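**Q** I'd like to ask you about the structure that follows.
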Amino acid sequence: MARTGVHFVCQECGTSHPKWSGRCDACGAWNSLAEEPVPAAVPKGLKGAKGHRIAFVGLEGSGGRPPRKASGIAEFDRVCGGGLVPGSAVLVGGDPGIGKSTVLLQVAAALSTSCACAYISGEEAIEQLRLRADRLGLSKAPVRLAAATSVRDIVATLEDADAPEVVVVDSIQTMYIDAIDSAPGTVAQVRASAQELIRSAKRRGFSVLMVGHVTKEGLIAGPRVLEHMVDTVLYFEGERNHQFRILRTVKNRFGPTDEIGVFEMTDRGLVEVANPSALFLGERQGQISGACVFAGIEGSRPLLVEIQSLLAPSPLGTPRRAVVGWDSGRLAMVMAVLEARCGLALSGMDVYLNVAGGLKVGEPAADLAVAAALASAAGGVPVPSGTIVFGEIGLSGEVRPVSHLDIRLKEAAKLGFGRAIAPPRRGGGERRNGPSGIEVVEIAHLNELLSLFRQPSIGRAAAGALERDPGSRHE
Ligand code: TYD
Ligand code: MG
């Protein structure tokens, strides 16, 4: 029988259930229901209460816009849309140990020279924070430190006249409001704590940067509603074993999304990477089959990365498909198109695909680069040297135009690439060289790409994959 006074709240979607069950009816998540006391004060609704009149204003204000607060850490300022907007709330999510506390301490220290900054930690003691600051060489920065978890105390402090203008709260899952009985980290506490902090930030005009823990599914722990409440959501990504860290804008009310900031984790904290393409291509092995350089766009900036693939005859009935840094569904599609439209039989092969450097690529423009890597691996023929590849692939094997053509080509030229395998220009037009004299090989169908890898020298492990004449399947 359902107990009175408690309800069960899904920690994924925040839905309340009167009884425990193994699966949330609302979002379908398993084992996500946690017991929480029913909030004491049930709102009585609006009946009887008289509201105040609200005043409407025009879109154009009289005063100028408050300036954004730029930290001077260019990679961070870019993902925030040019700096922190006063009164805004930013949520920074990421795996444990990825560097959230480190980057926010560095940002707070950088901002503290121009405005008052506070760093409130519910996770670490003051001594530990000082140790980190010392390691980062930031001990002298005038950041106000505090170890606190009570939102009531924090908000009371921030309402003071000499309150800081930028506040870091690390992390929102450790904060609690004493009026709510459930434990810190539960949906009710996370939601209410964030709400109080955001309300205070909007009222007093300070910017609040909150750290949010990530669940094993990669979402910010607690209800999705947290992402709706804040103005900006940043995700800190990267492979723990790589030194690269990528700060990605998932949502931004005051700027573009999908921007990325690239950092390198060193023994003295996170260092900005001004030229990420050079970094991602730094460990390239030269001319080997199965590797292809993709000219991608992340937000507004171009980024060259190497896509690597490996094929091996599979001993299994269901061959392995292992993908790191790209979407496995998209890989299945590219493989199906290669097989059905171009006769490249990959079905008996184990396929491994890796985006080198720990970057996650989400663009469809990577299709053609993945196809080139697979075709190169299948034929045992390296992609011609000094060549970059990009383009979206359709289900009939056609290669479709992608955005930002010139930006991609310019970046490739800057890094010394001489040729690009690219889709035809939108609306047709003359085949012409790209900026900086880079030769553009426009291909309209995947078969044209495959003909690059048909050489008499094919004879490596996976040579059997190119068994049929690709041209014969071109419909
Ligand atoms: P941290 O910022 O504590 O991660 P999060 O807050 O996301 O959990 O970063 C911890 C990791 O960063 C830890 O593995 C050590 C590493 N690190 C460095 O390599 N160099 C440094 O200067 C610092 C401060 C941390
Ligand atoms: Mg931390």
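**Q** Compute the Kirkwood hydrodynamic radius of segment 279-472, taking the inverse of the mean of 1/r over all pairs of distinct Cα atoms, and give it in Å to one decimal.
**A** This gives a value of 16.5 Å.
**Q** Right, here's the next one. Counting Lys and Arg as +1 and Asp and Glu as -1, what is the net charge of the other residues whose Cβ lies under 13 Å from the Cβ of Val370?
**A** Values: positive: Arg321, Arg330; negative: Glu306, Asp327, Glu363, Asp367, Glu392.
Neighbourhood net charge equals -3.
**Q** If you take every residue apart from Ala116 with its C-beta less than 10 Å away from the C-beta of Ala116, what net charge results, scoring Lys and Arg +1 and Asp and Glu -1?
**A** Values: positive: Arg144; negative: Asp162, Glu165.
Counting the neighbours of Ala116, the net charge comes to -1.
**Q** For segment 316-364, just the Cα atoms, rotate onto the principal axes and tell me the three extents in Å, largest first.
**A** Dimensions of segment 316-364 along the principal axes of its Cα atoms: 30, 25, 15 Å.
**Q** Grab the Cα-Cα distance for Asp267 and Ala336, subtract it from 0.36 nm times how many residues apart they are, and report the gain in nm with one decimal. Spell out each step's value before the answer.
**A** On the way: separation 69, 0.36 × 69 = 24.84 nm, distance 4.47 nm.
Length gained, Asp267 through Ala336: 20.4 nm.
**Q** Counting only protein heavy atoms and a 1.4 Å probe, tell me what percentage of the chain's accessible area is made up of carbon and sulfur. Before the final figure, lay out each step's value.
**A** Details: 11910 of 22700 Å².
In the chain, the share of accessible area belonging to carbon and sulfur is 52 percent.
**Q** Here's something else I'd like to know. Which semi-axes, in whole Å and largest first, does the equivalent ellipsoid of the chain have when worked out from the alpha carbon gyration tensor as the square roots of 5 times its eigenvalues?
**A** 48, 27, 22
**Q** Right, something else. From the helices alone, meaning DSSP H stretches of at least four residues, give me the mean residue ellipticity at 222 nm for the chain, per-run term -39500 (n - 2.57), in deg cm²/dmol to the nearest 500.
**A** Values: 11 runs with 107 residues, N = 475.
After summing the helix terms and dividing by residue count, I get -6500 deg cm²/dmol.
**Q** Now a separate question. List the cysteines in the chain whose Cβ has no other cysteine Cβ under 4.7 Å from it.
**A** So far as the 4.7 Å Cβ criterion goes, Cys80, Cys115, Cys117, Cys292, Cys342 stand without a partner in the chain.
**Q** Given the convex hull of the Cα atoms of segment 53-159, what is a quarter of its surface area in nm²?
**A** On the way: hull surface 38.2 nm².
Mean projected area for segment 53-159: 9.6 nm², to one decimal.
**Q** Helix 126-135 versus the longest principal axis of the chain: what is the Cα-based angle in degrees, 0 to 90, to the nearest 10?
**A** Compared with the principal axis, the helix lies near 40 degrees.
**Q** Just to confirm my numbers, what's the Cα centroid distance between segment 290-358 and segment 161-181 in Å?
**A** 44 Å
**Q** A further question follows. Between beta-carbons, use under 13 Å as the cut-off and find the net charge around Asp350, counting Lys and Arg +1, Asp and Glu -1. Could the numbers behind the result be given before it?
**A** Values: positive: Arg320, Arg321; negative: none.
Result for the neighbourhood of Asp350: +2.
**Q** Something else now. Normalised by the empirical 2.2 N^0.38 Å for globular proteins, what value does the Cα Rg of segment 74-274 take?
**A** Working: Rg = 15.5 Å, N = 201, 2.2 N^0.38 = 16.5 Å.
In units of the 2.2 N^0.38 Å rule of thumb, it is 0.94.
**Q** Still on this structure: With a cut-off of at most 16 other beta carbons within 10 Å, and DSSP calling the residue loop, which trypsin sites (Lys or Arg not before Pro) in segment 300-349 qualify? Please list them.
**A** Values: sites: Arg320, Arg321, Arg330, Arg341; in loops: Arg320.
Here the trypsin sites (Lys or Arg not before Pro) that fit, given the DSSP loop and packing criteria, are Arg320.
**Q** OK, next. Can you tally the lysine pairs in the chain where the Cα-Cα distance is under 27 Å and the two residues are eight or more apart, or on different chains?
**A** Lysine pair count for the chain: 19.
**Q** Could you do me a favour and compute the accessible area per residue for the chain, 1.4 Å probe, result in Å²?
**A** Computed with neighbouring chains in place, this is 48 Å² per residue.
**Q** Sticking to Cα atoms, compute the Rg of segment 291-338 to one decimal and its Dmax as the biggest Cα-Cα distance, whole number, in Å.
**A** Answer for segment 291-338, Rg first and Dmax second: 13.5, 44 Å.
**Q** Quickly work out the Arg400-to-Ala26 label distance, labels modelled 7 Å from Cα along the C-beta direction, and quote it in nm with one decimal.
**A** Between Ala26 and Arg400, the simple spin-label model gives 3.5 nm.
**Q** Given R₀ = 35 Å, FRET efficiency for Ala183-Ala444 by Cβ-Cβ distance, to 0.05?
**A** Working: r = 60 Å, r/R0 = 1.70.
Using R0 = 35 Å, I get an efficiency of 0.05.
**Q** Okay, moving on. Grab the Cα-Cα distance for Ser328 and Leu316, subtract it from 0.36 nm times how many residues apart they are, and report the gain in nm with one decimal. Don't skip to the end; give the middle numbers.
**A** Values: separation 12, 0.36 × 12 = 4.32 nm, distance 1.87 nm.
Value of the extension gain: 2.5 nm.
The values are calculated or read from the model by the stated rules, or taken from the named source; none is laboratory data. Since the structure is predicted, the reported quantities are computational estimates derived from the model, not experimental observations. Heads up, the Cβs are rebuilt from the backbone with ideal geometry, glycines too, and the neighbour counts pull from every protein chain shown. Ligands, DNA and RNA are excluded from the accessible area calculation, which covers all protein heavy atoms including side chains. Shrake-Rupley method; radii C 1.70, N 1.55, O 1.52, S 1.80 Å.
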